[in-house]
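Only one structure is covered here, and it is reproduced in the block below.
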Amino acid sequence: ITMMFRGREVIRMDRGRVLLDRFVEALKDVAVVEQQAKVEGRNMTLILAPKH
């Protein structure tokens, strides 16, 4: 999952992290976090993998 921030959204990246956490919580029955959220410039990336 890649979340892109534009303009002044960059100063509110903490809200993006909360949104990604809620997304992961909603998908915990079918997916696991393969790589925690990390910030690369104006993007925040999180990698999920299907649960076996």
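Laid out as a table, the results:
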item: Subset of the range 33-46 that is hydrophobic (A, V, I, L, M, F, W, C) and within 8 Å of the chain's Cα centre (by Cα) - its residue that is farthest from Thr2 (Cα to Cα); result: Ala37
item: Tally of residues being within 9 Å of the chain's Cα centre (by Cα) and of a type in the set (Asp, Glu) across the range 6-22; result: 1
item: All positions within the range 1-10 that are loosely packed, with under 11 Cβ neighbours inside 10 Å and in contact (Cβ under 8 Å) with a residue 40 or more places away in the chain; result: Thr2
item: The range 17-32, residues that are over 19 Å from Met4 (Cα atoms) and surrounded by 14 or more Cβ atoms within 10 Å (Cβ to Cβ); result: Leu27, Ala31
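Rundown of residues vs (1) in contact with a Phe, Trp or Tyr (Cβ under 7 Å, 6 or more places away or on another chain); (2) touching a residue at least 24 places away in the same chain (Cβ under 8 Å); (3) in a helix (DSSP H, G or I), yes/no style:
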site	(1), (2), (3)
Arg12	no, no, yes
Arg15	no, no, yes
Leu19	no, no, yes
Phe23	no, no, yes
Asp29	no, no, no
Val32	no, no, no
Gln35	no, no, no
Val39	no, yes, no
Leu48	no, yes, no
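Every number here is computed from the coordinates shown, using simple stated rules; none is lab data. Fair warning: this is a prediction, and the values are worked out from it, not measured in the lab. Heads up, the Cβs are rebuilt from the backbone with ideal geometry, glycines too, and the neighbour counts pull from every protein chain shown.
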